[in-house]
Amino acid sequence: MRQGTTPTHSFTLPVPSSSVGEIYVSYNQNNSSLIEKSGDDISFTDMEDGSCVASVTLSQTETLKLSPDSDCLIQIRFRTSTGAAFASQIISERVEKVLKGGEI
């Protein structure tokens, strides 16, 4: 992912969107939580197999908070309406710098 861009990250969940209760997508760097998305920040697409895809888009402002040439750790956690809790594996994505900084 590059600073100053608006990437969308998508995660396949093993349940339909109607079963998702609380949900969080966390972005950490250097042991600090820099970005957290939840609730209305996340959109869902139900799949024919009973799963759903949760998608979250970061803003330019958010990606500019990330340090370049460093890894960003990403994890999604959610609870179903029946109380089952899930957490994804931690995903590591390299943050790349841009030559012209700031928002455009």
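How many residues are closer than 16 Å to Thr61 by Cβ and either part of a helix (DSSP H, G or I) or among the small types (Gly, Ala, Ser) (or both) if we restrict to region 1-29? Don't jump to the end; show me each part of the working.
From region 1-29, those closer than 16 Å to Thr61 by Cβ are 1-8, 27, 29; that's our starting set.
Filter once more, so that each one left must be either part of a helix (DSSP H, G or I) or among the small types (Gly, Ala, Ser) (or both): 4.
The number of residues fulfilling the criteria is 1.
Here are Ser38, Ser43: which of them is open to solvent by 50 Å² or more (accessible area, probe 1.4 Å) and at pLDDT 95 or above?
Just a single option satisfies the conditions, and that option is Ser43.
Of the residues making up region 62-82, those that are touching a residue at least 60 places away in the same chain (Cβ under 8 Å) and among the hydrophobic types (A, V, I, L, M, F, W, C) are Leu64, Leu66, Cys72, Ile74, Ile76, Phe78.
Residues in region 60-104 that are of a type in the set (D, E, K, R) and within 18 Å of Thr8 (Cβ to Cβ) were compared, and the one that is surrounded by the fewest Cβ atoms within 10 Å (Cβ to Cβ) is Glu103.
Against the conditions (1) polar (S, T, N, Q); (2) out of contact with any helix residue (DSSP H, G or I) (no Cβ under 9 Å at 6 or more places or on another chain); (3) not in a loop (DSSP other than H, G, I, E, B), Thr45 satisfies every one except (2). Pairing residues of region 83-104 that are under 19 Å from Cys72 (Cα atoms) with residues that are among the hydroxyl-bearing types (Ser, Thr, Tyr) and surrounded by 10 or more Cβ atoms within 10 Å (Cβ to Cβ), at Cβ distances under 7 Å and at least 6 apart in sequence or on separate chains, gives Val95/Ser67; Val95/Ser70. Scanning region 19-35 for residues that are open to solvent by 40 Å² or more (accessible area, probe 1.4 Å), among the hydroxyl-bearing types (Ser, Thr, Tyr) and touching a residue at least 12 places away in the same chain (Cβ under 8 Å) yields a count of 1.
The values are calculated or read from the model by the stated rules, or taken from the named source; none is laboratory data. What you see is a predicted model; the values in this text were computed from it and never measured. Backbone-built Cβ (ideal geometry, glycine too); neighbour counts: all protein chains shown. These area figures cover heavy atoms from the full protein model, side chains too; ligands, DNA and RNA do not enter into them. Shrake-Rupley method; radii C 1.70, N 1.55, O 1.52, S 1.80 Å.
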